[in-house]
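Student: Sharing a structure with you now.
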C-alpha cells in the first residue's frame, strides 16, 4: 500500500465507519485504509461468543463485510457510499483468540458493481494470526442521502 487516499475521502470513510453502531458494540476500530484496501480489528468480547466459547460467526461476517465495503468505498469519488448486494462466507476455523482482524480488498472496481474479498484472522496471544474466514461479494455504489 504505497498510495494514500485523498484526505477528504479518508475523512468521509472514517466518518461513515463512526456511524456504524454495530461496530461500536463490537469495539471495532478501523486500523488500515488505502485505495482498494481496508483493515478492521475488533476484540473477541464475551458478548460476541457462540455456545462453544469461540467468536460468533456473526461477528466474523460483520467485520469481513464492513472491511470489504470500505475497501470498495475507497475506490469511489467523494460523495459516494456503498451497500452490499451479496456476500458469501467460508468459515475455515473456529474464532479462537483475543481479537479478529478483517482485511478487505477490491478485486474488480466497477461503475455499477464492485467485486470484493475479505479475509478474517483470529489474533493469538503470541501475536500470530490464524485465518478463520474468507468472504467474497459484490458492492453497489449509492449516492449519499
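Student: Farther than 18 Å from residue 48 by Cβ, crowded, with 18+ Cβ neighbours inside 10 Å, touching a strand residue (DSSP E or B) at 6+ places or on another chain (Cβ under 6 Å) and modelled with pLDDT of 95 or more - does that describe any residue in the stretch 120-135?
Tutor: No, that holds for no residue.
Student: Of all residues being assigned to a loop (DSSP other than H, G, I, E, B) and closer than 25 Å to residue 60 by Cβ in the stretch 72-88, which is nearest to the chain's Cα centre (by Cα)? Just the residue, please. Working first, answer last.
Tutor: From the stretch 72-88, those assigned to a loop (DSSP other than H, G, I, E, B) are 74-79; that's our starting set.
If we keep only those that are closer than 25 Å to residue 60 by Cβ too, we end up with 74-75.
On the way: 74: 12, 75: 15 Å.
By that ranking, first place goes to 74.
Student: Scan the stretch 6-29 for residues that are in contact with a strand residue (DSSP E or B) (Cβ under 6 Å, 6 or more places away or on another chain) and more than 16 Å from residue 80 (Cα to Cα) and report the count.
Tutor: Adding up the residues that qualify gives 4.
Student: What's the number of the only condition in (1) touching a helix residue (DSSP H, G or I) at 6+ places or on another chain (Cβ under 8 Å); (2) free of Cβ contacts under 8 Å to residues at least 40 places away in the same chain; (3) closer than 16 Å to residue 105 by Cβ that residue 3 fails to meet?
Tutor: (1)
Student: Give me the pairs, please: first residue somewhere in the stretch 101-130 and over 16 Å from residue 60 (Cα atoms), second residue anywhere and exposed (fewer than 15 other Cβ atoms within 10 Å of the Cβ), beta-carbon distance under 8 Å, and either six or more positions apart or on two chains.
Tutor: 113/85; 114/108; 115/108; 125/98
Student: Which one is nearest to residue 117 (Cα to Cα), of the residues in the stretch 68-93 that are crowded, with 23+ Cβ neighbours inside 10 Å and in contact with a helix residue (DSSP H, G or I) (Cβ under 7 Å, 6 or more places away or on another chain)?
Tutor: To start, the set of residues in the stretch 68-93 that are crowded, with 23+ Cβ neighbours inside 10 Å comprises 68-74.
From what is left, the residues that are in contact with a helix residue (DSSP H, G or I) (Cβ under 7 Å, 6 or more places away or on another chain) are 70, 73-74.
Values: 70: 11, 73: 13, 74: 14 Å.
Checked the stretch 68-93; the qualifying residue nearest to residue 117 (Cα to Cα) is 70.
Student: On to the next question. At pLDDT 95 or above and under 18 Å from residue 32 (Cα atoms): does that describe residue 107? Break it down into steps so the answer makes sense when it comes.
Tutor: Values: at pLDDT 95 or above: yes; under 18 Å from residue 32 (Cα atoms): yes.
Criteria met by residue 107.
Student: Also: Could you tell me how many of the residues in the stretch 51-89 are touching a strand residue (DSSP E or B) at 6+ places or on another chain (Cβ under 8 Å) and on the phi > 0 side of the Ramachandran plot?
Tutor: 1
Student: What are the residues in the stretch 1-41 that are within 19 Å of residue 60 (Cα to Cα), under 13 Å from the mean Cα position of the chain (by Cα) and in a loop (DSSP other than H, G, I, E, B), if any?
Tutor: 20, 28
Student: Of all residues in the stretch 43-61, which are closer than 14 Å to residue 91 by Cα, surrounded by fewer than 23 Cβ atoms within 10 Å (Cβ to Cβ) and in contact (Cβ under 8 Å) with a residue 24 or more places away in the chain?
Tutor: Once the filter is applied, which keeps residues that are closer than 14 Å to residue 91 by Cα, surrounded by fewer than 23 Cβ atoms within 10 Å (Cβ to Cβ) and in contact (Cβ under 8 Å) with a residue 24 or more places away in the chain, the stretch 43-61 yields 54, 56, 57, 61.
Student: Next up: Please work out if residue 102 is crowded, with 19+ Cβ neighbours inside 10 Å, closer than 14 Å to residue 118 by Cα and touching a helix residue (DSSP H, G or I) at 6+ places or on another chain (Cβ under 6 Å). Give the derivation first.
Tutor: On the way: crowded, with 19+ Cβ neighbours inside 10 Å: yes; closer than 14 Å to residue 118 by Cα: yes; touching a helix residue (DSSP H, G or I) at 6+ places or on another chain (Cβ under 6 Å): yes.
It is true that residue 102 is crowded, with 19+ Cβ neighbours inside 10 Å, closer than 14 Å to residue 118 by Cα and touching a helix residue (DSSP H, G or I) at 6+ places or on another chain (Cβ under 6 Å).
The values are calculated or read from the model by the stated rules, or taken from the named source; none is laboratory data. All values reported here derive from a predicted model rather than from experimental measurement. Here Cβ is always computed from backbone atoms with ideal geometry, including for glycine, and neighbour counts include all displayed protein chains.
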